[in-house]
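The values are calculated or read from the model by the stated rules, or taken from the named source; none is laboratory data. None of the values given here were measured: they were computed from a predicted structure. Counting neighbours? That spans all protein chains shown, and the Cβs are built from the backbone with ideal geometry, glycine included.
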Amino acid sequence: MSRRSEIPTTPDGLRKYQRVIDDQDICIGCGACVSVCPTNAWELDENGKARLIWDWCIDDFSCVPVCPVNCIWKSGETPEETKHKDNWYRFSRDLSPEEQKVFEEWAKKYGVTGKPAMSQ
Ligand code: SF4
Ligand code: SF4
């Protein structure tokens, strides 16, 4: 069932979520995560790898168990080296300065140094 209406639109809303992280070096592009996500927060990128739309994830974690190669983790459970890889996520839109701060707090909390892909 779609839960698009639950996508946060405020800094406080964005702050609520831990989110998930994927490793595009392991991803086989099967699309299972894309199919199961209630907010359409996964897409296949230009290389056919899963990319998260960061601000659309609402922590239901239904994508984690469906991945056949186990390359999606809750942010707090992600292997260290994966958190330093680039391009596995993007934003759906330009973030406001306050939202950008929330993103930076999130990255610091989970030790994510990988850079986002350019928004499309
Ligand atoms: S945890 Fe996964 S399935 Fe759930 S909203 Fe986030 S990206 Fe989508
Ligand atoms: S379910 Fe896993 S392997 Fe399939 S596209 Fe998503 S991240 Fe990649």
Please determine, by comparing only the residues of the stretch 47-82 that are outside any loop (DSSP other than H, G, I, E, B) and β-branched (V, I, T), which one is surrounded by the most Cβ atoms within 10 Å (Cβ to Cβ).
I72
Which one of the conditions (1) more than 10 Å from ligand 1 (Cβ to nearest atom); (2) surrounded by fewer than 18 Cβ atoms within 10 Å (Cβ to Cβ); (3) at pLDDT 95 or above; (4) more than 11 Å from the chain's Cα centre (by Cα) does E99 fail to meet, given that it meets all the rest?
(2)
One residue is enough: does the stretch 15-33 have a residue meeting the conditions among the acidic types (D, E) and in contact with a helix residue (DSSP H, G or I) (Cβ under 8 Å, 6 or more places away or on another chain)?
yes
Restricting the stretch 34-50 to residues that are within 11 Å of the chain's Cα centre (by Cα) and near ligand 2 (Cβ under 9 Å from one of its atoms), the one farthest from T10 (Cα to Cα) turns out to be A50
Within the stretch 22-46, tally of residues that are in contact with a strand residue (DSSP E or B) (Cβ under 6 Å, 6 or more places away or on another chain) and not in a loop (DSSP other than H, G, I, E, B)
5
Restricted to the stretch 1-21, and to residues that are in contact with a Gly (Cβ under 9 Å, 6 or more places away or on another chain) and part of a loop (DSSP other than H, G, I, E, B), which residue is farthest from ligand 2 (Cβ to nearest atom)?
I7
